[in-house]
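Each value in this text was obtained by applying a stated rule to the coordinates, not by laboratory testing. Because the structure is predicted, anything quoted here is derived from the model rather than measured. Neighbour counts run over all protein chains shown; Cβ positions are idealised from the backbone, glycine included.
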Amino acid sequence: MKKFVKFSLVGITYLIVIFFLAIMFIVTAKAELIKPSIEIEPDQVIKIQLNGLKNNDQPNSDYGIKQTWEFAHPLNKKSTGPLPRFIDLLKSESYKMLINHLDSEIIEVFKSSNQYGFEITILGNDKKYYKFQWVVEKYYDEGPLKNCWLTTLVSNPVLLGSSI
């Protein structure tokens with residue numbers, strides 16, 4: 001009888017540990033995307049997007065591209081979307097160096113009350129540097145995005161050369 005109780009307690013403890021780990025996995029696998037907010041400044045929008053792209057498949061596949069999509073201006077989404085098309089675009093030859101890049105540098109090049117421009121230098125996985133122009137604008141239409149900074153333009157890359 002004592003063995004039965006001992007094995008039952010071990011079995012229950014084992015099930016509780018497995019249940020706890022399963023819950024933790026589900027919670028981390030469903031990490032929430034950062035949503036546009038009036039508290040997020042223009043340079044922070046760029047940092048959020050670049051950080052997502054740098055770690056594209058964390059915590060799940062194409063999470064970084066999805067994070068970038070969250071901050072795309074609705075007019076930008078019309079021309080680059082829907083999301084599956086946007087994912088294909090970012091994985092194309094023109095923009096693939098953004099995916100899982102090694103490093104980035106952000107320089108503000110212009111600003112106004114409703115628009116900021118940045119020069120972004122990326123060190124790609126191929127150990128080459130690329131330069132992009134990135135523009136964010138304040139969104140003024142009514143709705144949940146009102147007064148949020150959103151990406152309206154990302155230029156084609158300019159190859160700057162090798163890091164080696």
Q: Would you please name the GluC sites (Glu not before Pro) within the stretch 46-135 that are DSSP coil residues with at most 13 other C-beta atoms within 10 Å of their C-beta?
A: GLU93
Q. For the stretch 148-154, what does the Karplus curve 6.51 cos²θ - 1.76 cosθ + 1.60, with θ = phi - 60°, yield as ³J(HN,Hα) per residue in whole Hz, taken in order and with x for Gly and Pro?
A. 8, 8, 9, 6, 10, 7, 10
Q: Take the Cβ-Cβ distance between ILE107 and GLU142 as r, set R0 to 41 Å, and report the resulting FRET efficiency rounded to the nearest 0.05.
A: 0.80
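Figure the gain on full extension for ASN125 and ASP57 (residue separation times 0.36 nm, minus the Cα-Cα span) and round it to one decimal in nm. Could you put the intermediate results ahead of the total?
Details: separation 68, 0.36 × 68 = 24.48 nm, distance 1.46 nm.
My answer for the length gained is 23.0 nm.
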